[in-house]
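Structure first, then comments.
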Amino acid sequence: MNKIFLTAVTFVSIFGIINCQVPAPGKCPTGITVVSELDVEKYLGTWYEHSKYPAIFEVGGKCMQAVYGKFENGTVSVVNSQINILTGAKSSIEGHAALTEEPGKLIVNFPSVGKIGVKSNYWVLSTDYTTYSVVYSCSNLLNEKMHGTIVWILTRERTPSQEVIDKAYKVLDDNQISKLLLLKTQQDNCDA
């Protein structure tokens, strides 16, 4: 029995590194509300990560930001970048996103990760396009016996006002998504 449990935990941990970060029992929750329509043109540009659920791919990083552009074929270009806290080295990863048939939901693909790349859902729960965006991703694991979740609060300014963050927190509260796991992203000394 311990061997089966260890195998399951190992699998979830490896999968969590690739596709999701905070594991929990059962399948992804239902009733999560996304924007009824996403205006991609207004969403493009630079977003700074204010806070997020723990993410292995961001360990040791600061000054996280995402820059969204548009390819000629209508898909969205994605460039995520960060600075290593210890070395000061900048790193980035490039991908693309496409809208799904459901409003407010995208699939993001980072083909350069590993041999098969990484795809993940990207649900915009709420945005006003000019100050904040709340993004949610949940993936079912182990035949829906577990799920993994990531949440991001993105802002147009590196240091947003508390009023802006309170709007984002309300979105999480309205969707019954815990704020306890949110980690604030260090966004100072980013131009060095």
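No value in this document is a laboratory result; all are computed from the given coordinates. Keep in mind that what you see is a predicted model, and the values were worked out from it rather than measured. Please note: Cβ atoms are built from the backbone with ideal geometry, for glycine as well, and neighbour counts cover all protein chains shown.
Suppose we keep only residues that are among the small types (Gly, Ala, Ser) and surrounded by fewer than 19 Cβ atoms within 10 Å (Cβ to Cβ) within segment 146-192. Which one would you say is nearest to Thr130 (Cα to Cα)? Restricting to residues being among the small types (Gly, Ala, Ser) and surrounded by fewer than 19 Cβ atoms within 10 Å (Cβ to Cβ), the top hit is Ser161. Is there a residue being outside any strand (DSSP E or B) and touching a strand residue (DSSP E or B) at 6+ places or on another chain (Cβ under 8 Å) anywhere in segment 91-100? Yes, the conditions are met somewhere in segment 91-100.
Condition first: β-branched (Val, Ile, Thr) and part of a strand (DSSP E or B). Can you find one or more residues in segment 103-114 that meet it? Yes, some residue in segment 103-114 is β-branched (Val, Ile, Thr) and part of a strand (DSSP E or B). Within segment 140-182, the set of residues being under 16 Å from the mean Cα position of the chain (by Cα), over 16 Å from Gln65 (Cβ atoms), hydrophobic (A, V, I, L, M, F, W, C) and not in a loop (DSSP other than H, G, I, E, B) comprises Ile150, Val151, Ala168, Val171, Leu172. As a summary of the residue check, Val134 satisfies the conditions (1) assigned to a strand (DSSP E or B); (2) in contact (Cβ under 8 Å) with a residue 60 or more places away in the chain; (3) under 24 Å from Lys167 (Cβ atoms) except for the one numbered (2).
Let me confirm something: among Ser77, Ser137, which residue is surrounded by 14 or more Cβ atoms within 10 Å (Cβ to Cβ), within 12 Å of the chain's Cα centre (by Cα) and of a type in the set (S, T, N, Q)? After applying the criteria, what remains is Ser137.
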